[in-house]
1. If you scan the range 329-366, which residues turn out to be open to solvent by 60 Å² or more (accessible area, probe 1.4 Å) and closer than 14 Å to ALA4 by Cα?
2. For the range 52-95, enumerate the residues that are part of a strand (DSSP E or B), among the β-branched types (Val, Ile, Thr) and within 27 Å of THR227 (Cβ to Cβ).
3. Name the single residue, out of those in the range 312-366 being of a type in the set (Phe, Trp, Tyr) and outside any helix (DSSP H, G or I), that is nearest to TYR102 (Cα to Cα).
4. Quick check on GLY58: is it within 19 Å of ILE123 (Cβ to Cβ), open to solvent by less than 10 Å² (accessible area, probe 1.4 Å) and not hydrophobic (A, V, I, L, M, F, W, C)?
5. What about ASN78, is it open to solvent by 60 Å² or more (accessible area, probe 1.4 Å) and under 19 Å from the mean Cα position of the chain (by Cα)?
6. Please go through the range 55-107 and give me each residue that is touching a residue at least 60 places away in the same chain (Cβ under 8 Å), among the charged types (D, E, K, R) and either closer than 21 Å to HIS139 by Cα or out of contact with any strand residue (DSSP E or B) (no Cβ under 8 Å at 6 or more places or on another chain) (or both), ordered by number.
7. Take the residues in the range 5-41 that are polar (S, T, N, Q) and assigned to a loop (DSSP other than H, G, I, E, B), then tell me which one is surrounded by the most Cβ atoms within 10 Å (Cβ to Cβ).
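The values are calculated or read from the model by the stated rules, or taken from the named source; none is laboratory data. From a predicted model like this one, the values you see are computed outputs, not experimental measurements. Methodologically, a virtual Cβ is constructed for each residue, glycine included, from the backbone with ideal geometry; neighbour enumeration extends over all protein chains shown. In case anyone asks, the SASA skips ligands and DNA or RNA and just uses the protein heavy atoms, side chains included. Shrake-Rupley method; radii C 1.70, N 1.55, O 1.52, S 1.80 Å.
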Amino acid sequence: MILATPGPVEVPFFAQEAVLGETIHHRTPEFKEIMKETLSLFKNLVNLPDAVFLASSGSGAMEAALTNITKKKALTINAGKFGERWGKIAKAHNIEFSQLCYEWNTPANAEDVIAAIKADSEIDSFYIQVSESAGGLRHPVEEIAAQIKKVNPDIIVVADGITAVGVEKIDTTNIDVLITGSQKAPMLPPGLAMIGFSEAAVKRIGSGKGYYFNLANEIKKQREFSTSFTPATTLIIALKAVLEKVTNEIGLDNLYAKTAKRHNALLESLKAIGLNIYPSVPAKSMATVYSEQAEEIRSIMKNKFEVNMAGGQDHLKGKIFRINNMGLIEDYKMLWIVNSIEMTLDELNIRKFDGTAAKIFSEKIK
């Protein structure tokens, strides 16, 4: 079975080996050295001066960021299930917030954000997804962040990069907090969240808030290459192996270029067989296809062709399917996926199979 969902993604053999390697105690010089090296590699990946690892999913990191960063009022972008989550976290902690809502295929607009900020002097923090995976959408995060900083440089910009970090180069010049998770582009099992911080973000956090998710305590400890609580040791060891491979062996620029080329080849092959790409600005982390027969397509793909793709949620349930493009995906696997989709369309009497998808993918991936 090919795991083609946009998280968890397939874990390559070298990463599996790292996860299953020797377990060492987290309060030892050996693990301290691993923490030091892994934090350094991660800071290089996100180009931010501070970072912490949390034993949680990405949603835990979202909660930690919002509760520790917002002192007065948050402004959030809601263009999908994960943008909606910012508001749910704020409500759970009685944090005042306002949100800008968009259709799940429509990116946030910088003009809307700036208008909201100018209209409300209480807003001290801004929350957005880089890639909103509910619809496979890419927000113009860098542009919005730059505009925010021009209007009010004291507003802290928090970006959920869970399905973007390791997929493409993210300009963090005006981003203060960048979040990601182990089960996405890092190609590891779920359970480890990673957060990068700017100096302004660390200053805003101050003494922190909460207990387990008190980021001030965690930043202090992890600057010493330790942790406040028991860390996800095996995942951190494996993350080190993954980051060493993509940084030193493959090269980040090469990784981003290969991911972008594969994404383009995937989209073009799907469009060539008559499928509609759902978001107006697709994220490079996945391909999201709109189809009234999405569930039938997913079922045949899983049961006949052994490809597990993700579906939609809420109003998009049964209307979209999503194909992962994060991590080190072999070209032959993606070729199998697009060819199987075309054969599935034939089986459903949507389009006669003629090999177009595989042909276009092969041409575009060269």
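1. GLU330, TYR332, TRP336
2. VAL52
3. Step one: list which residues in the range 312-366 are of a type in the set (Phe, Trp, Tyr), which gives 321, 332, 336, 353, 361.
From what's left, outside any helix (DSSP H, G or I): 321, 353.
Details: PHE321: 20, PHE353: 37 Å.
Result: PHE321.
4. Working: within 19 Å of ILE123 (Cβ to Cβ): no; open to solvent by less than 10 Å² (accessible area, probe 1.4 Å): yes; not hydrophobic (A, V, I, L, M, F, W, C): yes.
No: the conditions fail for GLY58.
5. Details: open to solvent by 60 Å² or more (accessible area, probe 1.4 Å): no; under 19 Å from the mean Cα position of the chain (by Cα): yes.
For ASN78, the condition - open to solvent by 60 Å² or more (accessible area, probe 1.4 Å) and under 19 Å from the mean Cα position of the chain (by Cα) - is not met.
6. GLU63, LYS81
7. Quick first cut of the range 5-41, residues polar (S, T, N, Q) only: 5, 16, 23, 28, 38, 40.
Retained after the next criterion (residues that are assigned to a loop (DSSP other than H, G, I, E, B)): 5, 23, 28.
Numbers: THR5: 20, THR23: 10, THR28: 10.
Taking the candidates together, the pick is THR5.
For every residue, the table says whether it meets (1) within 17 Å of ALA74 (Cα to Cα); (2) surrounded by fewer than 24 Cβ atoms within 10 Å (Cβ to Cβ); (3) free of Cβ contacts under 8 Å to residues at least 40 places away in the same chain; (4) within 14 Å of the chain's Cα centre (by Cα).
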position: VAL158; (1), (2), (3), (4): yes, no, no, yes
position: GLY166; (1), (2), (3), (4): no, no, no, yes
position: LYS169; (1), (2), (3), (4): no, yes, no, yes
position: THR173; (1), (2), (3), (4): no, yes, yes, no
position: LEU188; (1), (2), (3), (4): no, no, no, yes
position: LEU192; (1), (2), (3), (4): no, no, no, yes
position: GLU199; (1), (2), (3), (4): no, yes, no, no
position: ARG204; (1), (2), (3), (4): yes, yes, no, no
